[in-house]
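Engineer: Starting off with a structure, shown below.
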Ligand SMILES: Nc1ncnc2c1ncn2[C@@H]1O[C@H](COP(=O)(O)OP(=O)(O)OP(=O)(O)O)[C@@H](O)[C@H]1O
Ligand SMILES: [Mg+2]
């Protein structure tokens, strides 16, 4: 057990857990990005677009382009501009924190893989045109990895030979390439995309199913921290292969999957409850709670069963965005590739495996689909690129400049990261930019308010404003991100 989760208290949100748990703390310090250049708009790089780009069919794609988050470089291939990059990194951070909390161990595998590994599993021929195949100068066949089952199995078989080294779950967050026939919707269906993929190795099927359940719990926590409700739905296994698999779907009209579910599933939340990741029973009971009600994608939907099990008034037919998937596939890769361990009776047997993916870059789009209005993005606190905006209504005025500088200094001293709009622009333009880029909180500083010692704190989500002293505004922002 020690090797699968040594340094952390694995009780989710438990006492002594060193990581922020859901709803408790979104505070963070990013020293590498926290210098003045990054957080003063006059010196930042935020290429906001005024017009709606014609190529964008869905709101997240439109707003990511308008907010200067991404730039398309080829079909389905994007640069992440500074604002988008901050969101991507923040999503990745949450993914890492929740994986490490579950006892899973990060590593990094390359994007390019030798074709020979995939010939061993038989998938080199099977995978089809989605796989980008490359030949190097020595005429060796390579491929840009669409997923990593073969490579991780190769790492495992090179170093592990005994049941005593199990259980083990390794994961990485790495760029993938799938030559999608129809890349579209911006980063939601790219060709190059960023994915967390993790792989469990276990002695028995029972242990591997525990790993499956553990992943399910850790994924629920991950999405909830991002302000999302992602519903586990029974899915089809596709080219990865396997018996047990669930997809996680965020409900959205623009989603590519058709989904059928009992409306009661949307009432279930993990919240900040404590779950011991080492406990088979606790993880299984969460899995059962979240998967007992009918929730399926079109691939596995069974109309007769749906009608039989779900009362008509609770039947929902909607659309969803797939933001993750978990699989148990037994010995599908370990057997052909010879990934075996010796058990306590001295017998050698292939390990039981599963693989588990989160669409890290797709999530940036999915969060926007789930959280926006007609003025722009509304970031949940967990993933916002900056904790709050500071808008100076009269740039160049000694009093407003001074007050903004003090608020900025007070926030950064607390480890918070404000974005200060210190450009010489009209108030309307500054508000429009802040609304588009979607920071959840805005402190507005103008000469009239300052005359009575007040600034305005505005919630992006509700649009409600409150007047208060600059100190109170700073304290409020701190409190929000401490989850108090
Ligand atoms: N082309 C893509 N662009 C962006 N994200 C993707 C893409 N393909 C898959 N993902 C994300 O990676 C996660 C794990 O990959 P997985 O192998 O399960 O994808 P998939 O089932 O083939 O996805 P899809 O059915 O959407 O093509 C998916 O749940 C999804 O969130
Ligand atoms: Mg999938």
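The values are calculated or read from the model by the stated rules, or taken from the named source; none is laboratory data. What you are looking at is a predicted structure, and each value in this text was computed from that prediction instead of being measured. Cβ sites come from the backbone with ideal geometry, for glycine too, and all protein chains shown count toward neighbours.
Engineer: Given the criteria in contact with a helix residue (DSSP H, G or I) (Cβ under 6 Å, 6 or more places away or on another chain), more than 16 Å from ligand 2 (Cβ to nearest atom) and either in contact (Cβ under 8 Å) with a residue 24 or more places away in the chain or in a loop (DSSP other than H, G, I, E, B) (or both), does residue 362 qualify?
Structural biologist: no
Engineer: Report the residue count in segment 201-216 for those that are surrounded by fewer than 24 Cβ atoms within 10 Å (Cβ to Cβ), more than 12 Å from residue 278 (Cα to Cα) and touching a helix residue (DSSP H, G or I) at 6+ places or on another chain (Cβ under 7 Å).
Structural biologist: Qualifying residue count for the region: 2.
Engineer: Shifting gears a bit: Within segment 258-274, which residues are in contact with a strand residue (DSSP E or B) (Cβ under 7 Å, 6 or more places away or on another chain) and touching a residue at least 60 places away in the same chain (Cβ under 8 Å)?
Structural biologist: The answer is 258, 259, 274.
Engineer: Now a separate question. Go through (1) within 16 Å of ligand 1 (Cβ to nearest atom); (2) assigned to a strand (DSSP E or B); (3) within 22 Å of residue 280 (Cα to Cα) and name the single condition residue 212 misses.
Structural biologist: (2)
Engineer: Right, next: Please report, ordered by residue number, the helices (runs of 4 or more DSSP H) entirely within segment 49-151 with at least 2 residues that are crowded, with 21+ Cβ neighbours inside 10 Å.
Structural biologist: The qualifying helices (runs of 4 or more DSSP H) are 59-66, 82-101.
Engineer: Of all the residues that make up segment 321-348, how many are within 26 Å of residue 123 (Cβ to Cβ) and within 16 Å of ligand 1 (Cβ to nearest atom)?
Structural biologist: So the answer is 10.
Engineer: All but one of (1) crowded, with 21+ Cβ neighbours inside 10 Å; (2) within 16 Å of ligand 2 (Cβ to nearest atom); (3) part of a strand (DSSP E or B); (4) over 14 Å from the mean Cα position of the chain (by Cα) hold for residue 258; which doesn't?
Structural biologist: Among (1) crowded, with 21+ Cβ neighbours inside 10 Å; (2) within 16 Å of ligand 2 (Cβ to nearest atom); (3) part of a strand (DSSP E or B); (4) over 14 Å from the mean Cα position of the chain (by Cα), the lone unmet condition for residue 258 is (1).
Engineer: Keeping to segment 301-320, report how many residues are within 16 Å of ligand 1 (Cβ to nearest atom) and more than 16 Å from residue 245 (Cα to Cα).
Structural biologist: 2
Engineer: Is it true that some residue in segment 369-381 is under 30 Å from residue 328 (Cβ atoms) and assigned by TED's automatic domain parsing to the domain that holds residue 197?
Structural biologist: Yes: segment 369-381 contains one or more residues that are under 30 Å from residue 328 (Cβ atoms) and assigned by TED's automatic domain parsing to the domain that holds residue 197.
Engineer: Just to be sure, is residue 391 touching a helix residue (DSSP H, G or I) at 6+ places or on another chain (Cβ under 9 Å), more than 30 Å from residue 124 (Cβ to Cβ), assigned to a strand (DSSP E or B) and away from ligand 1 (no atom under 16 Å from the Cβ)?
Structural biologist: Yes; evaluated as a whole, the condition is true for this residue.
Conditions tested, residue by residue: (1) without any contact (Cβ under 8 Å) to a residue 60 or more places away in the chain; (2) away from ligand 2 (no atom under 16 Å from the Cβ); (3) touching a strand residue (DSSP E or B) at 6+ places or on another chain (Cβ under 7 Å).
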site: 308; (1), (2), (3): yes, yes, no
site: 375; (1), (2), (3): no, yes, no
site: 389; (1), (2), (3): yes, yes, yes
site: 399; (1), (2), (3): yes, yes, no
